[in-house]
Amino acid sequence: MSRIQAAFEKLKQQQRRALIPFFTAGDPSPALTVPLMHALVASGADVIELGVPFSDPMADGPTIQRASERALKKGVSLRSILEMVSEFRRQDNATPVVLMGYGNPIEAMGWEAFASRCQAVGVDGVLTVDFPPEESFEAFEHLQRHGIDPIFLLAPTTKEARIEQVAKLARGYVYYVSLKGVTGAGNLDLSAIEQKIPELRQHIKLPIGVGFGIRDAATAKAVAKLCDGVVVGSRIVQQIEDSTEQNVIANVSALVKELRLAIDQA
Amino acid sequence: MYNYPDSTGHFGQFGGIYMAETLIPAVEELAAQYLRYQNDPDFKAELAYELKHYVGRPSPIYHARRLSEHLGGAQIYLKREDLNHTGAHKINSAMGQALLARRMGKKRVIAETGAGMHGVATATVAARFGMECVVYMGAEDIQRQAPNVFRMKLLGATVVPVESGSKTLKDACNEAIRDWVTNVESTFYIFGTAAGPHPYPMMVRDFQCVIGNEARIQMPEMIGRQPDAVIACVGGGSNAIGLFHPYIEVPQVQIIGVEAGGFGIETGKHAAPLTANAKVGVLHGNKVYLMQDENGQITETHSISAGLDYPGVGPEHCLLKDIGRAQYVTSNDDEAIAAFDALCRFEGIIPALESSHALAHAIKIAPGMSTDKVLLVNLSGRGDKDMNTVAKLKGITL
Ligand SMILES: Cc1ncc(COP(=O)(O)O)c(C=O)c1O
């Protein structure tokens, strides 16, 4: 059983929802990435989505754009991020790690080399925002050969035929983008999510995580009622931006604990 | 038979639909609607009417006789896209897309722009049809193409400065995509070049093919035959593919695309992914040759001309390079400026800095050819917008 599957099975038995924090690897500094990952787990994270920064983050709002710029300035690359995951795994062999980003850095490395490195260092899933299923067949062969789950996005605009198609290809969990917009947008519509999830569930048998635009404990709690996992990205990245290197671990831990508490009350 | 793209939007290994999920239904819908109207007699008639009476087509071909005599070799002919309404080829495609937007019931249009010509063309058709218009433009380009910013505002468009990344065309494109993902239902993205996710590379090409289709009729009328070579500058590649595509299956016509050599290929400061043998990569919805570092991060480009200052290139040019049907070369900044000056002085035509790159290549090769050879250069736009840039280079403040 994969780490992602094991994590969701355990949550299901406990009747809890997953808390899936996202932050950009290398922000605020490469040396803090692994300590931050451990801090997230200690504060209640079930899965970690680690952002791979890209020079042209088209699907991201200003908060994650700035984080990507900071990380790239610090010299972070896909290669160094894989090393970070390897270091994380020395102390934590249970928490699933999903790499999230854009396809080009992976294309540049080559999918086979990337997938085999992922397997070697203990990455569990890969989400490429700009690679829809139609363009991903070759990429998947490599991921699958190395036991890495392809994580897919579904959106409010996704029609039923595509939901079916994604259901066939997706592994691990499916990530529902809760709004029309970029990461960190403020136009979350709970009733629209409530309507869409049952439609997704008709085809998607995997756990469904919901993300984009979850800004605080209250929205996290409300969203958690509707799905299997809550992804919080921009809010955490904002917390990192607002902190110093000295207090960032404490500040992020406090925020994640608060989110954990809220989700467990859902 | 040359027949690209395939039904999934691929030109060989290039092109495709590399977009975030939220926008996939939008591009699929666009492809379906374009397919529906592309050969619709009413749509075609309306587009033909607008191109004739509003844009001012057909654009003439002009024999640059004094310049050719001065060079002492091949005859240089110019396809005068600079004489179109708004002063560049961009309106050919902006008009086509605006008519499609109307049929799709979209009341808001957005665009990215580099030199500002596509922004002006989009603002123009938006005014023509009473649509709301927002144009994204890199903060650096807003500086170097100030006259076009004012034109867009006069036409009622909102111009949004983009401060992220290199503050040029690629960043404007990122921001336009962010707008589209947010306003996907109300908004039509009028894309400025023959790149992006399918169906844009095909659709923009089809709308721009009016350039080459006219030339194929005009050249025999003027000289009794087709030219020996067709030459166009390549930013994203729309003016070039518009001229080239109708000539792909005319084997005696050589096809030459001219990229921006900037300070010179060897300096790394250029915008010439094809000539510099950039690696294949994915950006802005398509797989193309793309300037990037070894980690797959897009590198910053340099060109004197804002409209060519882009790290990628449309997928069809990538294919034409690979199959050897077109040849890609560069003109550097200083060569483009020299060509700009030459056309002003010898012919009384002030060309856009983008088009000056194509002309510079013709000026380079014409002297080595016999006087009965003919080069057809796409004069994709006029240079009024470049007054500030050129004056600054000459140490003059306007
Ligand atoms: C006059 C002119 N020519 C050429 C270009 C380059 O675009 P493309 O390669 O799509 O023709 C531009 C773009 O702004 C332009 O304004």
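Neighbours of B:Lys90 by Cβ distance under 11 Å: Lys/Arg scored +1, Asp/Glu scored -1, total -2.
Need one word for chain B: rounded, prolate or oblate. Basis is the Cα gyration tensor (sqrt eigenvalues a ≥ b ≥ c); a/c below 1.5 gives rounded, then a/b vs b/c decides. Judged from the Cα gyration tensor, chain B comes out rounded (a/c under 1.5).
Tell me, how many Å apart are the Cα centres for the stretch A:192-259 and for the stretch A:57-123? After rounding, the separation between the Cα centres reads 20 Å. With a 1.4 angstrom probe, the accessible area lost at the B-A interface totals about 2900 Å².
Mean sequence separation of contacting Cα pairs (under 8 Å, at least six apart), scaled by the length of the stretch A:3-264, corresponds to a relative contact order of 23 percent.
Could you work out how much longer the chain between B:Asn39 and B:Leu393 gets when fully extended? Use 0.36 nm per residue separation minus the Cα distance between them, nm to one decimal. Mind dumping the intermediate values first?
On the way: separation 354, 0.36 × 354 = 127.44 nm, distance 4.70 nm.
Stretched out fully, the B:Asn39 to B:Leu393 stretch lengthens by 122.7 nm.
Normalised by the number of residues in chain B, the average gap of Cα pairs under 8 Å and 6 or more apart makes the relative contact order 21 percent.
Could you tell me the ratio Rg/Rh of the stretch B:181-319? Both radii from Cα atoms, Rh via Kirkwood.
My calculation of the ratio gives 1.02.
Interface residues of the stretch B:275-321, defined as those losing at least 50 Å² of solvent-accessible heavy-atom surface relative to the isolated chain (probe radius 1.4 Å), are listed as B:Val282, B:Asn295, B:Gln297. Structure note, pairs A:Lys180/B:Lys321; A:Lys74/B:Lys287; B:Lys269/B:Lys392; B:Lys44/B:Lys167: Cα-Cα distances above 30 angstrom occur for A:Lys180/B:Lys321; B:Lys44/B:Lys167.
Quickly estimate the mean residue ellipticity at 222 nm for chain A, helices only: each DSSP H run with n ≥ 4 gives -39500 (n - 2.57), and the total goes over all residues, rounded to 500.
Working: 12 runs with 129 residues, N = 266.
So the helix-based figure for chain A works out to -14500 deg cm²/dmol.
Considering only B:Asp386, B:Asp42, B:Asp341, the mean-square fluctuation computed in a Gaussian network model of chain B, springs between alpha carbons under 10 angstrom, is largest for B:Asp42. Each DSSP beta bridge with both residues in chain B is either parallel or antiparallel, and the antiparallel ones are about 30%. Note: the stretch A:3-264, Cα convex hull, 111 Å³ per residue.
How much net charge surrounds A:Pro96 when only the other residues with a Cβ under 14 Å from the Cβ of A:Pro96 are counted, with Lys and Arg +1 and Asp and Glu -1?
Details: positive: A:Arg3, A:Lys10, A:Arg89, A:Arg171; negative: A:Glu9, A:Asp46, A:Glu49, A:Asp92, A:Asp124, A:Asp149, A:Asp228.
With Lys, Arg at +1 and Asp, Glu at -1, the neighbours total -3.
On the protein assembly as shown, 51 percent of the accessible area sits on carbon and sulfur atoms, based on a 1.4 Å probe.
Within the set of other residues whose C-beta is less than 13 Å from the C-beta of B:Arg325, count the net charge using Lys and Arg as +1 and Asp and Glu as -1.
On the way: positive: B:Lys321; negative: B:Glu249, B:Glu316, B:Asp322.
Around B:Arg325, the charge tally is -2.
Calculate, in nm to one decimal, what B:Lys107 and B:Asp322 gain on full extension: separation in residues at 0.36 nm each, minus their alpha carbon distance. The partial results should precede the final answer.
On the way: separation 215, 0.36 × 215 = 77.40 nm, distance 4.00 nm.
Result: 73.4 nm gained on full extension.
Simple point charges give the picture: +1 on the Cβ of Lys and Arg, -1 on the Cβ of Asp and Glu, and for the protein assembly as shown a dipole about the Cα centre of about 740 debye. In chain B, helical runs assigned H by DSSP with n ≥ 4 each contribute -39500 (n - 2.57); averaged across all residues and rounded to the nearest 500, the mean residue ellipticity at 222 nm is -12000 deg cm²/dmol. Each part reduced to its alpha carbon centroid, the stretch A:11-30 and the stretch B:204-244 end up 55 Å apart. Which percent, to the nearest 5, of DSSP beta bridges fully inside the protein assembly as shown are antiparallel? Counting DSSP beta bridges with both partners in the protein assembly as shown, the antiparallel share is about 20 percent.
With a ≥ b ≥ c taken as the square roots of the eigenvalues of the C-alpha gyration tensor of the stretch A:115-266, please select rounded if a/c is under 1.5 and otherwise prolate if a/b is larger than b/c or oblate if it is not? Oblate. Taking only the Cα atoms of the protein assembly as shown, the radius of gyration and Dmax are 26.0, 86 Å.
Label the stretch B:52-112 by shape, choosing from rounded, prolate and oblate, from the square roots a ≥ b ≥ c of the eigenvalues of the Cα gyration tensor; if a/c is under 1.5 it is rounded, and otherwise prolate applies when a/b is larger than b/c, oblate when it is not. Don't jump to the answer; show the numbers that get you there.
Working: a/c = 4.64, a/b = 3.25, b/c = 1.43.
Prolate is the answer for the stretch B:52-112, as a/c is 1.5 or above and a/b outweighs b/c.
GNM remark for chain B: springs join alpha carbons under 10 Å apart, and the peak mean-square fluctuation among B:His317, B:His245, B:His118 falls on B:His245.
The values are calculated or read from the model by the stated rules, or taken from the named source; none is laboratory data. Only a predicted model underlies this, so the values are computations on that prediction, with no experimental measurement involved. Counting neighbours? That spans all protein chains shown, and the Cβs are built from the backbone with ideal geometry, glycine included. Heavy atoms of the whole protein, side chains included, go into the accessibility calculation; ligands, DNA and RNA do not. Shrake-Rupley method; radii C 1.70, N 1.55, O 1.52, S 1.80 Å.
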